[in-house]
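Everything on this sheet refers to the single structure shown next.
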Amino acid sequence: MALACFPRVFGLAGLALTAGLAVAQTTRPVNDLPNPYVSIENWAKLPAGRPWGSTSAVDIDKDGKSVWVAERCSAFAPPSLVKPGSPFACDGSALPPILKFDPAGNLVKAFGEGLFIFPHGLHVDRDGNIWVTDGIGNNGKGHVVYKFDPEGKILLRLGKPGVAGAGNDEFNAPSAVVTAANGDIFVADGHGGPTNARIVKFDRAGKFIKTWGVKGSGKGELDIPHAIAMDSRGRLFVGDRQNNRVQIFDQEGNYIDQWAQFSRPSGVFIDKNDVLYVADSESESVSKNHDGWKRGIRVGNARDGVVTAFIPDPVVKTLGTSAAEGVAADVDGNIFGAEVGPKRIMKYSRK
């Protein structure tokens, strides 16, 4: 199983690429772009005595400024990487993993204790509800997607807790979720290896509609559908990570395009102005098929694929996942990166 989010160790238009170059399928790394952001560490504050665990899940509240995070209960690694007796993410933990921070980084809401094994993806819908995927199953938990109201009440659950499968009511390592304006639900289901590699569509009540995608590298095929986002036209942008591309589909699963210029996507976010943010946490580290590309966050345009800015990972070479996996941006353009390896939330503001 390819486990990128499981650490092995603890005014720029004139500088942008041309649209034609940006959307071309090229292996030439897109590394040399301006970084108009300043990094802000230790922005989000946890209660005294609670250290940060890994997180790949972050999104912006309905208010446009508060930040929701799904944190792995002060832990991080999968069972094969945890010493006997050590906690595996949220399995057995009494800590609440779903956290809301105000714009100043103060923790103002926390819930979800006892529900999760491995929170992986998080989405805030248009009504302010919070959707979270649980990417691993154990002890009758996991392989599900929860919908919460802003106070933490469970409104909907998709999948069978603790059961990995490929049926219409099952998931196997669901990585991400997003909803459409009409309430339809799209789950990016799979995380490499023997897990699924598909998108599953439900109506707003959770009734199965359809699924598409099989494991592969051809157009419309998927290999680790690690992230999913929707632009203003309702197109789905899927972070097809192992294939080092973002694939674009309509809501019926019809293939539209694929973009390689945003590098190896672990996280994908699109704001209301169709600014596209893509986090690469694996190139020249965990990934063995994407050397030459620098890790970091690439910022561009979801309408034409032009990449305009790049926030590089300060670590040049590493063996594990590094910098942001999850990514989101508030209404003021501040970017938030959810980091698995370094175990933190980073904030990036314009210089």
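Read the figures in this text as sums done on the coordinates, not as results from a lab. Keep in mind it's a predicted model, so treat the numbers as computed, not measured. Every residue, glycine as well, gets a Cβ built from its backbone with ideal geometry; the counts of neighbours run over all protein chains shown.
Spin-label model, Lys288/Lys207: points 7 Å from Cα along the beta carbon direction are separated by 4.6 nm. When the listed pairs Lys153/Lys210; Lys294/Lys347; Lys65/Lys201; Lys62/Lys288; Lys65/Lys343; Lys210/Lys294 are checked against a 31 Å cut-off, the alpha-carbon distance exceeds it for Lys62/Lys288; Lys210/Lys294.
Using the Cα gyration tensor of region 213-340, with a ≥ b ≥ c the square roots of its eigenvalues, what is the shape: rounded (a/c below 1.5), prolate (a/b larger than b/c) or oblate (neither)? Oblate, because a/c is 1.5 or more while a/b does not exceed b/c. Protection proxy ranking for 251-259, 266-274, using the average of other Cβ atoms within 10 Å per residue and placing the highest first: 266-274, 251-259.
Arranged from fewest to most other beta-carbon atoms within 10 Å of their beta carbon, Ser283, Ser54, Ser66 become Ser66, Ser283, Ser54. Here each label is just a point 7 Å from Cα along the line to Cβ, and for Ala48 and Asp149 those points are 3.4 nm apart.
Computed from the Cβ-Cβ distance with R0 of 41 Å, the FRET efficiency linking Glu41 to Asn168 stands at 0.40. Is the shape of the chain best called rounded, prolate or oblate, per the rule: a/c under 1.5 gives rounded, else a/b larger than b/c gives prolate, else oblate, with a ≥ b ≥ c the square roots of the Cα gyration tensor eigenvalues? Because its axes are fairly even, with a/c under 1.5, the chain counts as rounded. How would you classify region 81-176 from its alpha-carbon gyration tensor, with a ≥ b ≥ c the square roots of the eigenvalues: rounded for a/c under 1.5, else prolate if a/b is greater than b/c, otherwise oblate? Oblate. Per residue of the chain, what 222 nm ellipticity follows from adding -39500 (n - 2.57) for every DSSP H run with n ≥ 4, rounded to the nearest 500? That comes out to -500 deg cm²/dmol. Sorting Glu325, Glu339 from the fewest to the most surrounding beta carbons within 10 angstrom yields Glu339, Glu325. Length gained on full extension, Glu252 to Glu113: 46.5 nm, using 0.36 nm per residue less the C-alpha separation. What the Cβ-Cβ distance of Ala104 and Val214 gives, at R0 = 45 Å and to the nearest 0.05, is a FRET efficiency of 0.50.
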